[in-house]
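Chemist: Sharing a structure, written as structure tokens. Questions coming.
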Amino acid sequence: MHRRLPPLNALKAFEAAGRHASFTRAAEELRVTHGAVSRHVQALEAWIGTPLFERHNRRVVLTEAGRSYLPEIGAALDRMALATARQVERGHAQILHVNALATFTLRWLIPRLSAFQRSHPAVEIRLTTSNVPLARIVEPFDIAIRGGPDARPGTVGRPFLSERRIPVCSPALRRHGPLRQPSDLAGHTLLHAATLPEVWPHWLQAAGVPHLKPQASVTLEHFYLTLQAALDGLGVAMGPERLIADDVASGRLILPFDGPALPARSYHAYVPEARADQAAVRAFCDWLATAA
């Protein structure tokens, strides 16, 4: 089918000038001269056979024909831009900026990330770790992994992994003293994370031994350091259930007690609304849910 279409540059000039109600601002957007925009619009008017603008001293106003034509051309250009972006996305590697919690990254995400890379080789993951709240992330991101639910204007969240916290330790630790009930913790070292100072007090309260005094206490800067210390037999840590699952399954860590388990915020993938429909973003969020 043969299409009778005016020149694309003339359509772009008309659409920008109509949207801004200004040839000057259209020229700035398109990075051409005012005269170029004027000539393109004149050529389009000649091609169509009707005026699209009323020219005044320093401003232009759409005619009735221009007002009816503008939304149609704008929508068509938008569809062309979107279709082109999708083709570019399919043909080139896409960079995906992921900002995730440090302990989650080390203990859960990195051990599983190769599975996503194998199934999506055209997506390049650029992973950074940060523990600041969602609302205080300043660097641009495509996906941020935080506890939730949380809120940040212009961002949508999707839960993918529930969480609880329970005491964990190395199997070898039991050889240094009994560890069958919460009161036995009095003969052991408790490992604390400086970023979560209330976790152990809350658990001891829930376990019915709020005044328990351990043999010793060690406080480390980050939560993931307490888990490494538990693996090395230094003491008993409060472990996020999902993040220690691999170590428990392999026998590197054990759960000395049946309970209780403290509720914790579930993990959410937060995506800026403007990026929510990008294929790589959708693929990564779907993969997170499947892996979880």
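None of the figures in this text is laboratory data; all of them are computed from the coordinates on show. Just so you know, these numbers come straight off a predicted model, no measurement behind them. Cβ coordinates were reconstructed from backbone atoms using ideal geometry, including for glycine residues, and neighbour counts include every protein chain displayed.
Chemist: Projected onto the charge dipole of the chain (+1 at Lys/Arg Cβ, -1 at Asp/Glu Cβ, origin at the Cα centre), which of 204, 284, 5 gives the Cα projection farthest towards the positive end?
Modeler: 5
Chemist: Count charges around residue 63 for me, please; just the other residues with Cβ under 14 Å from its Cβ, Lys/Arg as +1, Asp/Glu as -1. Each step should come with its number before you reach the end.
Modeler: Working: positive: 55, 59, 67; negative: 45, 54, 64.
Cβ neighbours under 14 Å give a net charge of 0.
Chemist: Kindly give Rg over Rh for segment 8-91, based on alpha-carbon atoms, with the Kirkwood expression for the hydrodynamic radius. Intermediate values should be presented prior to the final figure.
Modeler: On the way: Rg = 13.5 Å, Rh = 13.2 Å.
Expressed as Rg/Rh, it is 1.02.
Chemist: What length, rounded to one decimal in nm, is gained on full extension from residue 232 through to residue 102, with 0.36 nm per residue of separation minus their alpha-carbon distance?
Modeler: 44.8 nm
Chemist: For a quick check, take a GNM of the chain with Cα springs below 10 Å and name the residue from 186, 100, 17 with the largest mean-square fluctuation.
Modeler: Looking only at 186, 100, 17, the largest GNM fluctuation is found for 17.
Chemist: Suppose each label sits 7 Å from its Cα in the direction of the beta carbon; what would the residue 5-residue 25 distance come out to in nanometres?
Modeler: It is 2.8 nm.
Chemist: Rounded to the nearest 500 deg cm²/dmol, what is the calculated helix-only ellipticity per residue at 222 nm for the chain, with -39500 (n - 2.57) per DSSP H run of length n ≥ 4?
Modeler: On the way: 9 runs with 110 residues, N = 292.
Computed mean residue ellipticity for the chain: -12000 deg cm²/dmol.
Chemist: Shifting gears a bit: From Cα pairs below 8 angstrom and at least 6 apart in sequence, can you work out the relative contact order of the chain, rounded to a whole percent? If you can, show how the numbers build up before the last one.
Modeler: Numbers: 439 pairs, mean separation 56.9, N = 292.
Answer for the chain is 19 percent.
Chemist: Scan the chain and hand back the longest stretch that contains none of the GluC sites (Glu not before Pro) lying in DSSP loops with at most 13 other Cβ atoms within 10 Å. Mind showing how you got there, number by number?
Modeler: Details: sites that count: 198, 221.
Of all site-free stretches, the longest is 1-197.
Chemist: What translational diffusion coefficient, in µm²/s and rounded to a whole number, does the Stokes-Einstein relation yield for the chain at 25 °C and a viscosity of 0.890 mPa s, taking the hydrodynamic radius as the Kirkwood radius over Cα pairs?
Modeler: Taking Rh from Cα pairs, D becomes 103 µm²/s.
Chemist: Sticking with this structure for a sec: Using 0.36 nm times the number of residues separating residue 77 and residue 57, minus their current alpha carbon distance, what extension gain do you get? Walk me through the intermediate numbers first.
Modeler: Numbers: separation 20, 0.36 × 20 = 7.20 nm, distance 2.92 nm.
So the extension gain works out to 4.3 nm.
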